[in-house]
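Note sheet for the following structure.
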Amino acid sequence: MSLSTPLGRAPFEPAGRHTDVALPDRVSYWEPWPRRMRAVHSGQTIVDSERGVMLWRTGTFPELYFPRADVRAELVGADVLTPAPSLPGDPLGDHVAVHFAAMDRWFDEDDPVYAHVRDPYHRVDVRASSRHVAVTHAGRVLAESGRPRLLFETGNPIRYYLPFADVDLAVLELSRTVSECPYKGDGQHWNLVLDDGRIPDAGWSLPHPLPEGLPAAEHLCFYPAKVELVVDGRRVTE
């Protein structure tokens, strides 16, 4: 999780509360990032550095800053680079951030990075469970299972992944929406096609999971805001 909002839904909404400690509204924290990071654009390596610095600030995802000497700034526009903020003790010196989405591909050592740089304090744990999960819409049962996989991710509500065998596949169609997560991998979305209409992107699966999401492969998860999700008799709304 983001160290700028400890024990919380980093970096936006705290899930817990600090006790006996008065903290400022905004917190920043940095530490050296010794992993070799590379960014490629139009076949050219723009960043190649083992001297990065990761900065956490309240309200944002962690940011990586690199010494200017490790960035081929002449190959990209100035709008792709962000100078490092001034911090006490000047730990970032003459460093810059490179906009993640402006690059064609990022690598953490030799592994590709999806969506944004991974936060080393962010966890994803998938657990087998015997909770009873029912998914309905307008009284129709869409899925029901007593063998879900529960995905616990720092800063997010519990996600309930159901085996495809326990889902009514007749009401599903593939969506064109494919999301990216740096911790779980691609999120292939699914539409619900029902007698009373179509619900776009009502759920998702992980067709190419990263190691953290592998136990949830071949399962499907529904958005509680788009269907009725009941777990052990209790309605889940987020």
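The values are calculated or read from the model by the stated rules, or taken from the named source; none is laboratory data. Only a predicted model underlies this, so the values are computations on that prediction, with no experimental measurement involved. We place every Cβ from the backbone using ideal geometry, glycine too, and count neighbours over all the protein chains shown.
Brief remarks follow.
- Residue within the stretch 211-227 that is of a type in the set (Val, Ile, Thr) and out of contact with any Phe, Trp or Tyr (no Cβ under 8 Å at 6 or more places or on another chain) present: yes
- Spans of strands (runs of 3 or more DSSP E) in the stretch 142-181 with at least 3 residues at negative phi, at pLDDT 95 or above and exposed (fewer than 15 other Cβ atoms within 10 Å of the Cβ): 172-181
- Looking across the stretch 144-157, the residues that are hydrophobic (A, V, I, L, M, F, W, C) and closer than 18 Å to Pro182 by Cα come down to Leu151, Phe152.
- The set of residues from the stretch 57-83 being under 24 Å from the mean Cα position of the chain (by Cα), surrounded by 15 or more Cβ atoms within 10 Å (Cβ to Cβ) and either assigned to a loop (DSSP other than H, G, I, E, B) or touching a residue at least 60 places away in the same chain (Cβ under 8 Å) (or both) comprises Thr58, Phe61, Pro62.
- Which numbered condition Arg127 fails, given (1) modelled with pLDDT under 95; (2) loosely packed, with under 14 Cβ neighbours inside 10 Å: (1)
- Considering residues of the stretch 123-134 that are within 24 Å of the chain's Cα centre (by Cα) and part of a strand (DSSP E or B) only, the residue farthest from Gly185 (Cα to Cα): Val133
- A count restricted to the stretch 137-159 and to residues that are over 16 Å from the mean Cα position of the chain (by Cα) and closer than 20 Å to Leu192 by Cβ stands at 10.
- Scan of the stretch 102-117 for residues that are within 17 Å of the chain's Cα centre (by Cα) and either among the hydrophobic types (A, V, I, L, M, F, W, C) or on the phi > 0 side of the Ramachandran plot (or both), ordered by number: Trp106, Phe107, Val113, Ala115, Val117
- The number of residues in the stretch 161-218 being more than 18 Å from Val117 (Cα to Cα) and either among the small types (Gly, Ala, Ser) or touching a Gly at 6+ places or on another chain (Cβ under 6 Å) (or both) comes to 13.
- Boolean, Gly187 is under 14 Å from the mean Cα position of the chain (by Cα) and either surrounded by fewer than 18 Cβ atoms within 10 Å (Cβ to Cβ) or not in a strand (DSSP E or B) (or both): no
- In the set (1) modelled with pLDDT under 95; (2) in a loop (DSSP other than H, G, I, E, B), the condition left unmet by Ala101 is number (2).
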